[in-house]
Amino acid sequence: MLSFPDLRLDRGRIRRTGRRALPFSLGESIALVCLLLVVIASILGPIVSPYSPIIPSGAQLLPPGSPGHLFGTDNLGLDVLTRVMVGARTSLFAAVVTTACTSTLGLILGTIAGVVGGWLDNILMRITDVFLAFPGPIVAMAISAALGASLSSSIIGIAIVWWPLYARLARGEVRRTATSMHVEAARMSGSRGISLVLRHILPSTLPTVAISASLDIGGVIAVLASLSFIGLGTPAPAPELGLMASMGMQYLLNSWWVPVIPGLVVALLALLCNYTGDGLRGVLRARGV
Amino acid sequence: MAKFLLRRAGSLVVVLLSLSVLVFVLQRIGKADPVRAYLGANAPALAVTQARAKFGLDQPMLVQYWNYLVGLVHGDLGMSYSTRRPVTVELADKVPATLELAVWALFFAIIIAVVLAGVYSLKGPVSGVIRLVFFSLASAPSFLLATLMLLLFFMQLHWFPAVGRIGDPSVNGPTGFYVLDGLLAGNLAYSWDAVQHLVLPALAASIGPGVALARVLADGLSFGMGSNYARTARSLAESERSILFRHALRNASSPALSMFGVLAGSMLSSLVVVEQIFSWNGLGQYLSTAITSADFPAVAGVSLVLGAVYVVLTAMVDIVLALVDPRVKLA
């Protein structure tokens with residue numbers, strides 16, 4: 001039978017906040033360190049590697065652990081380790097660009113809606129309502145297919161679908177901040193219009209939106225890889241993780257590492273980002289944000 | 001309640017119309033010229049002009065959209081570039097395939113969510129390990145999960161088949177849902193075969209949404225068990241089990257249900273990937289083929305169908321939510 005013994009006297013919740021008073025838990029700190037290591041490896045790796053990600057450099061379908069090819073080679077004789085390092089770099093970079101674009105767009109529109117109010121606020125919020133009612137990933141697929149398969153059209157597709165979430169968040173924060181004491185005081189002392197927004201409102205809405213965006217990076221990595229898997233990324237032989245996995249599927253029976261290793265790298269990147277993000281959220285909760 | 005239903009139906013229509021506008025605009029800004037795609041790149045200029053007039057592409061945009069919308073209402077999704085057949089005809093037998101898979105995936109997701117929510121409420125190292133494992137699985141893209149399942153359950157253990165919806169397509173049933181068709185035809189072996197084919201793809205698509213749902217459910221349950229109404233119930237000597245099932249679960253199901261929309265969206269996109277891997281002859285596989293061959297009318301058709309299914313589904317969830325949770329109506 002299920003029971004919740006530690007919650008009867010709210011002991012559980014007190015302990016949890018007590019633990020959260022530390023910035024990061026042990027697991028989350030490990031995740032952060034691993035994430036940094038992976039970032040460094042994905043930047044330095046391709047430079048150090050003696051192989052090219054797109055020029056064959058050995059026998060075909062060598063298993064992992066072969067001399068000179070730690071993760072083996074694929075059906076064209078390309079070094080898998082070099083390709084996944086380049087792929088990880090592309091993945092991380094694209095995910096950061098996507099979330100940065102999306103959240104900036106959402107921040108701008110949400111701030112405008114919150115500050116101006118009235119009919120503009122109404123129209124913008126009805127638009128976000130409609131967008132939030134769409135099945136995001138499917139619409140993102142349709143948009144990037146219409147723009148022609150490439151990494152940049154995937155990024156545009158995701159950005160168009162996801163900005164409303166950030167716009168909502170930013171608008172809410174702006175409205176909350178606008179009634180706070182310090183904004184009131186700034187208004188009293190004659191601050192108006194854009195300078196009031198930039199100097200007094202934005203500094204307190206920006207962190208919330210930025211942190212929420214950083215929490216989403218892990219998810220965006222997985223979505224971008226899935227789009228690339230179904231053929232919406234850069235065409236072959238680009239070293240993109242989703243594409244590598246989908247191209248490698250036909251070798252699954254005999255050479256599992258060709259499709260599995262790129263997928264594992266996507267999972268690792270997403271997991272590390274999510275885990276670090278969870279820590280970040282915990283820190284915020286502990287600070288009462 | 002009537003007012004709520006009316007308002008919800010109104011917003012449903014608005015969203016469906018916006019979806020059609022979006023897909024229409026995407027078709028017009030798309031790189032491929034529909035006439036050139038239809039006639040071939042070397043068609044003479046006269047033929048192009050005639051075809052343009054025939055398809056109504058020389059008319060003002062608003063008229064074109066109106067024609068498009070009228071076509072949609074009549075079930076006309078346009079012609080596929082690659083097969084020259086109406087997209088509606090091509091999709092007809094693929095919709096039940098995807099819906100059958102989606103229903104099973106949803107079923108698995110709910111089981112995973114309820115079981116995990118139970119595990120989350122326990123303490124100790126085992127629970128911690130299970131949480132970590134599922135958190136990792138939920139971060140993984142669905143194509144990796146599907147691949148790993150193929151390796152383990154098909155290639156190593158030989159428990160489940162890997163490809164397609166059925167081994168022997170002998171029953172040609174009325175519904176297109178193979179498990180149901182087998183039952184209707186009294187052919188249990190057929191249904192069992194269909195179930196075996198369903199397990200791996202449905203599981204691969206359900207883990208992500210299931211884990212996300214479990215977290216919301218567990219949060220809601222632990223909040224409910226520590227709330228004032230639970231304390232009141234305890235003071236009235238109600239058992240923990242009865243509080244959990246009669247009060248906490250009902251309160252926790254409302255946030256879990258309202259998250260359903262987001263989950264259904266992510267599940268639909270996982271299905272696209274999973275269908276490709278398991279050669280599941282549904283909308284997803286059709287979509288990825290259409291993407292590779294730059295067949296935009298087909299892409300648009302699938303997006304519209306999936307989009308409409310999703311929008312109608314979320315509207316239904318909203319209505320169920322209003323029935324389960326009376327507070328929603330006030331909002």
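Table for the structure above
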{"item": "Number of positions in the range A:220-234 that are of a type in the set (S, T, Y) and buried (at least 22 other Cβ atoms within 10 Å of the Cβ)", "result": "2"}
{"item": "Test: residue in the range B:93-108 that is modelled with pLDDT of 90 or more and within 14 Å of chain A (Cβ to nearest Cβ)", "result": "yes"}
{"item": "Residues satisfying the stated conditions in the range B:256-296, i.e. open to solvent by 40 Å² or more (accessible area, probe 1.4 Å) and at the interface with chain A (Cβ under 7 Å from one of its Cβ atoms)", "result": "B:S266, B:Q276, B:T292"}
{"item": "Hits in the range B:57-73 (condition: open to solvent by 70 Å² or more (accessible area, probe 1.4 Å) and under 30 Å from A:I127 (Cβ atoms))", "result": "B:Q59, B:P60, B:M61, B:L62, B:W66, B:N67, B:V73"}
{"item": "Whichever residue in the range A:160-199 is β-branched (V, I, T) and either assigned to a helix (DSSP H, G or I) or at pLDDT 85 or above (or both) and, among such residues, is most open to solvent (accessible area, probe 1.4 Å)", "result": "A:I194"}
{"item": "All positions within the range A:75-108 that are polar (S, T, N, Q) and surrounded by 24 or more Cβ atoms within 10 Å (Cβ to Cβ)", "result": "A:T82, A:S91, A:T98, A:T99, A:T102, A:S103"}
{"item": "Of all residues in the range B:157-193 being among the charged types (D, E, K, R) and either more than 23 Å from B:Q276 (Cα to Cα) or modelled with pLDDT under 80 (or both), the one that is surrounded by the fewest Cβ atoms within 10 Å (Cβ to Cβ)", "result": "B:D168"}
{"item": "Test: residue in the range A:208-219 that is buried (at least 18 other Cβ atoms within 10 Å of the Cβ), within 11 Å of another protein chain (Cβ to nearest Cβ) and modelled with pLDDT of 85 or more", "result": "yes"}
{"item": "Cβ-Cβ under 6 Å pairs, at least 6 apart or on other chains, the range B:7-32 side under 30 Å from A:A149 (Cα atoms), far side among the aromatic types (F, W, Y) and not in a loop (DSSP other than H, G, I, E, B)", "result": "B:F24/B:Y65; B:F24/B:Y68; B:G30/B:F296; B:A32/B:F296"}
{"item": "Index of the failed condition, A:P237 passing every other in (1) more than 10 Å from every other protein chain (Cβ to nearest Cβ); (2) more than 17 Å from the chain's Cα centre (by Cα); (3) surrounded by 19 or more Cβ atoms within 10 Å (Cβ to Cβ); (4) closer than 19 Å to A:L81 by Cα", "result": "(3)"}
{"item": "Yes/no for A:P135 being at pLDDT below 90, out of contact with any Pro (no Cβ under 9 Å at 6 or more places or on another chain) and farther than 30 Å from B:Y310 by Cβ", "result": "no"}
{"item": "Any hit, the range B:291-306, residues being part of a helix (DSSP H, G or I), over 14 Å from the mean Cα position of the chain (by Cα) and modelled with pLDDT under 80", "result": "no"}
{"item": "In the range A:240-260, the residues that are at the interface with chain B (Cβ under 10 Å from one of its Cβ atoms) and either part of a helix (DSSP H, G or I) or touching an Asp or Glu at 6+ places or on another chain (Cβ under 7 Å) (or both)", "result": "A:L241, A:G242, A:A245, A:S246, A:G248, A:M249, A:P259, A:V260"}
{"item": "Residue in the range B:194-232 that is modelled with the lowest pLDDT, counting only those that are open to solvent by 10 Å² or more (accessible area, probe 1.4 Å) and away from every other protein chain (no Cβ under 14 Å)", "result": "B:V216"}
{"item": "Condition check for B:G186: small (G, A, S), outside any helix (DSSP H, G or I) and within 30 Å of B:D295 (Cβ to Cβ)", "result": "no"}
{"item": "The one condition in (1) part of a helix (DSSP H, G or I); (2) touching a Ser or Thr at 6+ places or on another chain (Cβ under 8 Å); (3) under 30 Å from A:P50 (Cα atoms) that A:M141 fails to fulfil", "result": "(3)"}
{"item": "Residue tally, condition within 14 Å of another protein chain (Cβ to nearest Cβ) and buried (at least 16 other Cβ atoms within 10 Å of the Cβ), over the range B:33-56", "result": "2"}
{"item": "Scope the range B:245-255; condition open to solvent by 10 Å² or more (accessible area, probe 1.4 Å) and in contact (Cβ under 8 Å) with a residue 24 or more places away in the chain; matching residues", "result": "B:L249, B:R250, B:N251, B:S253, B:S254, B:P255"}
{"item": "Subset of the range B:142-156 (residues that are buried (at least 21 other Cβ atoms within 10 Å of the Cβ) and hydrophobic (A, V, I, L, M, F, W, C))", "result": "B:F143, B:L144, B:L145, B:A146, B:M149, B:L150"}
{"item": "Identity of the residue in the range B:122-141, open to solvent by less than 20 Å² (accessible area, probe 1.4 Å) and facing another protein chain (nearest Cβ under 7 Å), that ends up nearest to A:L26 (Cα to Cα)", "result": "B:S139"}
{"item": "The range B:90-102 residues that are open to solvent by 20 Å² or more (accessible area, probe 1.4 Å), paired with ones that are modelled with pLDDT of 90 or more and assigned to a helix (DSSP H, G or I) (beta carbon under 6 Å, 6 or more apart)", "result": "B:K94/B:L283; B:K94/B:Y286"}
{"item": "Matching residues in the range B:233-255 - criterion: being more than 13 Å from chain A (Cβ to nearest Cβ) and among the basic types (K, R)", "result": "B:R246, B:R250"}
{"item": "Which listed residue, of B:G261, B:G284, is within 16 Å of the chain's Cα centre (by Cα) and either farther than 19 Å from A:I158 by Cα or at pLDDT below 85 (or both)", "result": "B:G261"}
{"item": "Close pairs from the range A:87-102: first within 11 Å of A:V265 (Cβ to Cβ), partner open to solvent by 10 Å² or more (accessible area, probe 1.4 Å) and of a type in the set (A, V, I, L, M, F, W, C), Cβ under 6 Å, at least 6 apart", "result": "A:A88/A:V265"}
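The values are calculated or read from the model by the stated rules, or taken from the named source; none is laboratory data. What you see is a predicted model; the values in this text were computed from it and never measured. In this analysis, Cβ positions are derived from the backbone assuming ideal geometry, glycine residues included, and neighbour counts consider all displayed protein chains. With ligands, DNA and RNA removed, areas are computed over all heavy atoms of the protein, side chains included. Shrake-Rupley method; radii C 1.70, N 1.55, O 1.52, S 1.80 Å.
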